Amino acid sequence: METSKRRELIKSAVTEYWQPLFNYAFRMTLDNDRAGEVVEEAFLRAYVGAEDLPEGERAEIWLLRICSHILDQKLPRQPEVSFDLLDETLRSEATRTDVVRSLTDPQRDFMLWELKQGCMTAVVNCLSPGERAAFVMANVLAKSDSEAAQALGITKSAYKVRLSRARKKVVDYLAPRCEHVDPMNPCRCPARVGVALHKGFIRSPGQVQLRKPVTPFGRYGAGPNNEDAPMRDVSSIYQNLPVPDAPENLVEKLQANIDNGTWDQILDKKRAR
């Protein structure tokens, strides 16, 4: 493949697919910088193997498969956090509602949103990497069983087993605790913001970020105006989490590696072996 065509092909892939790759990598690592490194390596490998890049929608699954392979190599076999550690971080101290009351409305909304995102993401990171990957594919990236199995390089039946186990663990943890699943639960974000700030779990109020509006839910329900629904489906909660903020200039760095020939040098070394 000519260099110009290779560059054009992968630059287009970066523009179109960097967000789902970063979203996936972040949910797997719980760290922006580590996720950015995984995405950069994934596109480097894609550049080296550009001849195999499928056309159309299959390209995303191919890139996710590369990303999954990298994560398999980098992540420990066991979770780096646990459900007990999450409880210790957020629920070991008395509630602190004074912090929320002292904030202005924009600051309050920002902090509650950050806590919800952080807690939901941390719950997924209490799963083993295999279960976590299956859960993220289904409930964050909204991939079909076939697509997810291909992206993870496993059979559909194996994927379904992992997903079933992951969902059970997440639901078993959240169902008796989280107000977003059941409004009668004891763990409520406004009461936990102070503890989360004190433990360094979330950032202190700063510049409020403008976020894309999400599909509205009833106060307690799993759909618009479902005020009387007592329980929300966990999948609906996770599918509304936004793509996390990537490291600054990640896309520009990827494009620069293509344009300035950095990845061509790596390609030439591999060919010379």
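The values are calculated or read from the model by the stated rules, or taken from the named source; none is laboratory data. This structure is a prediction, so every number in the text was calculated from the model and none was measured. Ligands, DNA and RNA are excluded from the accessible area calculation, which covers all protein heavy atoms including side chains. Shrake-Rupley method; radii C 1.70, N 1.55, O 1.52, S 1.80 Å.
Cross-link check: pairs Lys116/Lys169; Lys143/Lys169; Lys116/Lys168; Lys5/Lys143 evaluated at a Cα-Cα cut-off of 22 Å; pairs beyond the cut-off: Lys5/Lys143. Of Arg273, Arg91, Arg77, Arg34, the residue with the largest accessible area leads and the full order is Arg273, Arg77, Arg34, Arg91 (1.4 Å probe). Heavy-atom accessible surface of Lys169, to the nearest 10 Å², is about 90 Å², with a 1.4 Å probe and all protein chains retained. The order of Met184, Met111 by accessible area, most exposed first and with a 1.4 Å probe, is Met184, Met111. Rounded to the nearest Hz, the phi-derived 3J(HN,Hα) couplings of the stretch 244-260 under the Karplus curve 6.51 cos²θ - 1.76 cosθ + 1.60 (θ = phi - 60°) are x, 5, 7, x, 4, 6, 4, 5, 4, 5, 4, 5, 5, 4, 6, 5, 8, where x marks glycine and proline. Using a 1.4 Å probe on the protein heavy atoms only, what accessible surface does Ser164 show? Give it in Å² to the nearest 10. Its heavy atoms expose roughly 80 Å² to the probe.
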